[in-house]
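Q: Pasting in a structure now, in structure tokens, and then I'll have a few things to ask.
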2 protein chains.
Amino acid sequence: EIVAAIAAALGSGPLGGRHVIVTSGPTHEPIDPVRYIANRSSGAQGTALAAALLALGARVTFVTGPSTIPPPAGAQVVRVETAREMQAAVLEALPADAAVCAAAVADWRVENHSGSKLKKTAGGAPQLVFAENPDILAQLSGLGDGRPRLVVGFAAETDDVIAHATAKRARKGCDWIVANDVSPATGIMGGSENAVTIITATGQEAWPRMTKHAVATRLASRIAEALA
Amino acid sequence: EIVAAIAAALGSGPLGGRHVIVTSGPTHEPIDPVRYIANRSSGAQGTALAAALLALGARVTFVTGPSTIPPPAGAQVVRVETAREMQAAVLEALPADAAVCAAAVADWRVENHSGSKLKKTAGGAPQLVFAENPDILAQLSGLGDGRPRLVVGFAAETDDVIAHATAKRARKGCDWIVANDVSPATGIMGGSENAVTIITATGQEAWPRMTKHAVATRLASRIAEALA
């Protein structure tokens, strides 16, 4: 990490002089002051990726939801809680050469979230009204002049992984999708390993199961090649 | 902690030979494999209380939801995720001389939670159907022969704290309620301090703001007095 910090400071390495935005972790969407909706995301893959990009000399803005994993040394860390806070932080961090959206952003927020703790009532469960959250990946991908040259999304799926991820790439307009199967049986969610397929405009490439650290190193190299 | 472990093993101390069940932390209620509803509870107060009870010689069954705080050494630790798992673990741990329900249990679970990741659709947000979770505190309080001699609940409120907590004590049928104000402005949620009011059948007693560790020590002493 010290080497990475020095490399980034000196602007050396294959990503020297490049700025990469990495989003990581879950978002928390409040229901009331004590309850929220969350995604299961440890932030392990996003954190490892940011560290790998730093090691290649990139300047990294690391926009992270609540996570117990310490952010990588040398990154510009922006801590957020909700999808809308994450969106604002990402837009604020532009311009960037690349953006990697590894965060598990909630698709929905509770529009009628309460400033007071909701009480059990005879009327039954609270009626939650959902509103769609901003789609940060699609927004970044659709930017005109300010679009990062490379926009990478992640797709965490539990079935029809490749089909869903391929459709996601087309729908969002991003360059690559890193697809993985987060079914409980895989042990990937919360674990130290990952098995991903990289989906691009020209095809797909399945990587063998390896540590999240190894996925990060390999993906950072690919990003460096794409920006070279 | 070593002293506490030895004290418990030897059955010495004012709570020697007593069995106390402590619930702690949040519960997580799944929406689908990657999304869940959670409470904001670090588990700090429950963990500190279990440690304080162990230090007084009690045998402690510590039933905890997901928490990043390590459980106290010497406790019998049972890790759960949902309210129904917590209920099962508590009932399994009976008989007990006292039960302290410090966990922030979700009042509701998602009855139609999905085994596959819910997708965004043109139809809008997913329709979540809520079902009421079991009320562990009320159930323990209402047990006949198997009722712990002392049942203590916690009330985390954001407004009308004492009124809500007093009503809660009567409604649940427990002996004491430890009431605290978790409004964001207090900094208690996720912080190291707490300001509680102990509500009993005969009145209420407001304790000054102090560390959660100090609250735990004082509450453990009171529990020892009640069971003496």
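Q: Cβ contacts < 7 Å: first residue within 14 Å of chain B (Cβ to nearest Cβ) and more than 15 Å from B:Y36 (Cα to Cα), restricted to segment A:183-197; second residue buried (at least 16 other Cβ atoms within 10 Å of the Cβ) and small (G, A, S), any location; separation 6+ or different chain. Result?
A: Taking only residues 6 or more apart or on different chains, the pairs are A:I188/A:A195.
Q: Which of the strands (runs of 3 or more DSSP E) contained wholly in segment A:120-228 include at least 3 residues that are touching a Phe, Trp or Tyr at 6+ places or on another chain (Cβ under 9 Å) and crowded, with 18+ Cβ neighbours inside 10 Å? Reasoning before the result, please.
A: On the way: elements: A:130-132, A:150-157, A:176-181, A:196-200, A:203-206.
Where strands (runs of 3 or more DSSP E) fall fully within segment A:120-228 and carry at least 3 residues being touching a Phe, Trp or Tyr at 6+ places or on another chain (Cβ under 9 Å) and crowded, with 18+ Cβ neighbours inside 10 Å, they are A:150-157, A:176-181, A:196-200.
Q: Within segment B:161-182, can you find the residues that are within 14 Å of another protein chain (Cβ to nearest Cβ), in contact (Cβ under 8 Å) with a residue 24 or more places away in the chain and hydrophobic (A, V, I, L, M, F, W, C)?
A: Across segment B:161-182, the qualifying residues are B:V161, B:A165, B:A179, B:V182.
Q: In addition: Of all residues in segment B:23-44, how many are of a type outside the set (A, V, I, L, M), under 21 Å from B:A195 (Cβ atoms) and not in a loop (DSSP other than H, G, I, E, B)?
A: Of the residues in that region, 3 qualify.
Q: For the structure I just gave you, tell me whether B:P126 is within 11 Å of another protein chain (Cβ to nearest Cβ) and in contact with a Leu (Cβ under 9 Å, 6 or more places away or on another chain).
A: Considered against the rule, which asks whether it is within 11 Å of another protein chain (Cβ to nearest Cβ) and in contact with a Leu (Cβ under 9 Å, 6 or more places away or on another chain), B:P126 comes out as yes.
Q: Any residue at all in segment B:182-204 that's more than 19 Å from the chain's Cα centre (by Cα) and among the acidic types (D, E)?
A: no
Q: Determine, yes or no, whether B:G46 is without any contact (Cβ under 8 Å) to a residue 60 or more places away in the chain and farther than 25 Å from A:P184 by Cα.
A: So B:G46 passes the test.
All of the numbers you see were taken from the coordinates with simple rules; none came from a lab. From a predicted model like this one, the values you see are computed outputs, not experimental measurements. Note: ideal-geometry Cβ built from the backbone for every residue, glycine included; neighbour counts use all protein chains shown.
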